[in-house]
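Each remark here refers to the structure printed beneath this line.
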Number of protein chains: 2
Amino acid sequence: MTTSSDPELRCDPAEGLASFAELGPHRPTDPRPGTLEILAEDRETSARSCRLWTGHGPVETPCFMPVGTYGAVKGVLPDELRAVGSQVVLANAYHLSHRPGAERVGEVGGIHAFMHWPGPILTDSGGYQVFSLRSLQKIDDAGVDYRTHFDGSPARMTPRSVLEAEASIGPDICMILDHCPPGDGGGASDAARRAILREAMDRTTLWAQEAARLRREILRDDQLCFAIVQGGTDLELRREHLETLAALDFDGLALGGLSVGEPIPQMHATLEAIAPLMPRDKPRYVMGIGTPSDLLAAIRAGVDMFDCVIPSRHARNGQLISFLGRFNIRNGRFRRDDRPVDPSCGCPVCARFSRAYLRHLHVHNDPLYVRLATMHNLYFFHEWVAVQRRAIRQGNFGAVAAALARVLEDRTQPGKGSKSTS
Amino acid sequence: MTTSSDPELRCDPAEGLASFAELGPHRPTDPRPGTLEILAEDRETSARSCRLWTGHGPVETPCFMPVGTYGAVKGVLPDELRAVGSQVVLANAYHLSHRPGAERVGEVGGIHAFMHWPGPILTDSGGYQVFSLRSLQKIDDAGVDYRTHFDGSPARMTPRSVLEAEASIGPDICMILDHCPPGDGGGASDAARRAILREAMDRTTLWAQEAARLRREILRDDQLCFAIVQGGTDLELRREHLETLAALDFDGLALGGLSVGEPIPQMHATLEAIAPLMPRDKPRYVMGIGTPSDLLAAIRAGVDMFDCVIPSRHARNGQLISFLGRFNIRNGRFRRDDRPVDPSCGCPVCARFSRAYLRHLHVHNDPLYVRLATMHNLYFFHEWVAVQRRAIRQGNFGAVAAALARVLEDRTQPGKGSKSTS
């Protein structure tokens, strides 16, 4: 298989991005935060490439966002994130609200100063975690009661409390509270499943209306606010919900409730049908995806942003992902293997360290392992997206996407979609 | 307390050292490995500053060596070690012989390529670990039988097996096998304790004689070989053993069996009496020390090199050490503390991160914590020694040492001497 060394399929994912030292808050001469410049649209697919302006500079899309739940991508420093091509770091308002506390992050200067990442930051509300961690106690139209997964203490989350936490924490993009139902419908009948989806959707709408009313009062002017479309893989519900939320005062829309257990072809079909219907003039974000294959499908459907724990969590579990496929570094065959993870990879880890050394660090539980493995995997995910971004801008997305699809056919699939905290 | 901001007591520990990119193997124009240039000797004390040439460039002494038992200083990359002032990394031939195996390190290009540290590396034999890990099975004049602490499997270590492992691993400085008895004499009477010390000393001599015979056959020409003086805190035995070993074919001598449980004043008295008697034309190394106070005493006594797990192990346990003393980052008072660990510290961690963020990373068990804490502590230890090195070379060691002693009186002592694997 030679496609992976094709220069059209490889690039430095940090190329063309401002350096870490150049990152910083919005400048008076920058376009207003929230401005979306559409730089290119593919003729044959819905793929597009944009520049989204935030309170901490631009984001070149399509863009994969690494997950730094607690205000840190485990083991990796901000300047290293930038070196492997990260543009936006995703943190979680729920986790930060409990540890160290949203007010405390505010007191020490906000999340950018706290974690020393001067570029764009997005926070999820934590609603997904409250629903998925089975800590849910009671849900009503005003909010949700839950027990924290830290110490089981009771807490409540409302559209207002989420925005207030995000105002203290200070991210550039704030996700509002949504109701994300389980992906498998809990073994229910079709009708029952649809009722569950509809209930979650309607409650999400109520919460979105509340958030749209409150955001101008609670958030800073330069904090963007995104709403989350629900509806599972039911295209009718998705279209209806999209239309409802698109009419409200938000800077961008996300698709939630995907990659939560549904069959992958259904998920891709939903992306293909729904993403192109999302407002053209606002950023489109799909939450919690995905595999290289998911990213290819999402970009083709016109999605601008995605986040996923796969590169970082898989790295910690020993899984190294590259154009060659995925392998587990603990495998004994790497003991004497002095080659890098992927000999054709341009990442700082492959430039310096062997599979044998990474295996050695993993066996000894050295924190260096997590760091190096995460950097490698993130570089690959960023490169995978950057190659497509370049292709869209250069007008040859169709050919590049087809070649990337052939790479995927030739390699081991890097696992099914998964989403959670990192 | 204002002394810690006195410019005479602070410096960048990497200043004056070759950059990471400049490190590499011995060049034909460099002095022969083993050459010791004595650059300055203090008039009032035995303190001295030298330049020791190795197979991977010079070492400016006095020099503190971080411990990277398995071929990695946990969480910290080689270029970061250099940035905080590391010159020599200490690894352990025993650990590397079992994981991943000395031959395997050789197969992937040797320890320098394996860990990507192109500067000087010293390996301890692991004799200390075999004796201290209570894995000892049987000791005789030819070697020692033990059970590995990895899986309890039986193994044997001899003067030859240690040198052979070091030949495969490929460090620049090879410690030979010695017999290090327990520091407290196991509650024995004075006479019994002396008998234990004498037995260990005599066996160490036999092993040293064997190593001196074998080293030219087994090691590369550019690998230096150091012997280890025993004798506990018994000055008569120490002097006798020093004289015996100084007559053999070694490039340097070390004092072993210190900081193994004996009272600190006795340890300092031993250093004061014995170090000045060590051959002037060879490097002097004290193994397994120490605290800032130990380092001050050792440098005053004319020691050139030391290693200790304190900065790295204490860091992992939450202990951050600086001119301000030592504190535990888990303390609740740091939750809202947006100051760096030491506001007057020049290290890359204090330049970027707050106590609140380090505490947050520690609470969440993020590998970043180990990395940042270790870098800070190592910077402090290297700075502590670099300030004394500069003073010796500038001819004002007496005044600087007195001022550093006052700093120590004013601050919390960073723990008693301890030594082990990192």
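The values are calculated or read from the model by the stated rules, or taken from the named source; none is laboratory data. Not measured: the values here are computed from a predicted model. Here the Cβ is made from the backbone with ideal geometry for all residues, glycine too, and neighbour counts use every protein chain on show.
Summary table
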{"item": "Residue check, A:GLU44 touching a residue at least 40 places away in the same chain (Cβ under 8 Å) and of a type in the set (Asp, Glu)", "result": "yes"}
{"item": "Looking only at region A:106-120, and only at residues there that are more than 9 Å from every other protein chain (Cβ to nearest Cβ) and not in a loop (DSSP other than H, G, I, E, B), the one that is farthest from A:LYS74 (Cα to Cα)", "result": "A:GLY106"}
{"item": "Selection count, region A:307-339, where residues are within 14 Å of chain B (Cβ to nearest Cβ) and under 17 Å from B:PRO100 (Cβ atoms)", "result": "11"}
{"item": "Leading residue by the ranking (farthest from B:PRO7 (Cα to Cα)) among those in region B:340-378 that are part of a loop (DSSP other than H, G, I, E, B) and at the interface with chain A (Cβ under 7 Å from one of its Cβ atoms)", "result": "B:HIS364"}
{"item": "Identity of the residue in region A:51-76, among the β-branched types (Val, Ile, Thr) and either touching a strand residue (DSSP E or B) at 6+ places or on another chain (Cβ under 6 Å) or within 14 Å of another protein chain (Cβ to nearest Cβ) (or both), that ends up nearest to A:GLY110 (Cα to Cα)", "result": "A:THR69"}
{"item": "Condition check for B:ARG48: under 21 Å from B:LEU224 (Cβ atoms), in contact with a Gly (Cβ under 7 Å, 6 or more places away or on another chain) and charged (D, E, K, R)", "result": "yes"}
{"item": "Residue within region A:40-50 that is polar (S, T, N, Q), more than 14 Å from chain B (Cβ to nearest Cβ) and either within 17 Å of the chain's Cα centre (by Cα) or surrounded by 24 or more Cβ atoms within 10 Å (Cβ to Cβ) (or both) present", "result": "yes"}
{"item": "From B:LEU90, B:LEU81, residue being within 14 Å of another protein chain (Cβ to nearest Cβ), modelled with pLDDT of 95 or more, crowded, with 21+ Cβ neighbours inside 10 Å and not in a loop (DSSP other than H, G, I, E, B)", "result": "B:LEU81"}
{"item": "Flag for A:ALA298 being farther than 26 Å from A:HIS268 by Cβ and either of a type outside the set (Val, Ile, Thr) or assigned to a loop (DSSP other than H, G, I, E, B) (or both)", "result": "no"}
{"item": "Hits in region A:137-170 (condition: among the acidic types (Asp, Glu) and not in a strand (DSSP E or B))", "result": "A:ASP141, A:ASP151, A:GLU164, A:GLU166"}
{"item": "Residue match in region B:330-341 (condition: touching a residue at least 12 places away in the same chain (Cβ under 8 Å), within 25 Å of A:PRO78 (Cα to Cα) and surrounded by 24 or more Cβ atoms within 10 Å (Cβ to Cβ))", "result": "yes"}
{"item": "Unmet requirement for B:PRO283, which otherwise passes all of (1) touching a Pro at 6+ places or on another chain (Cβ under 8 Å); (2) at pLDDT 95 or above", "result": "(1)"}
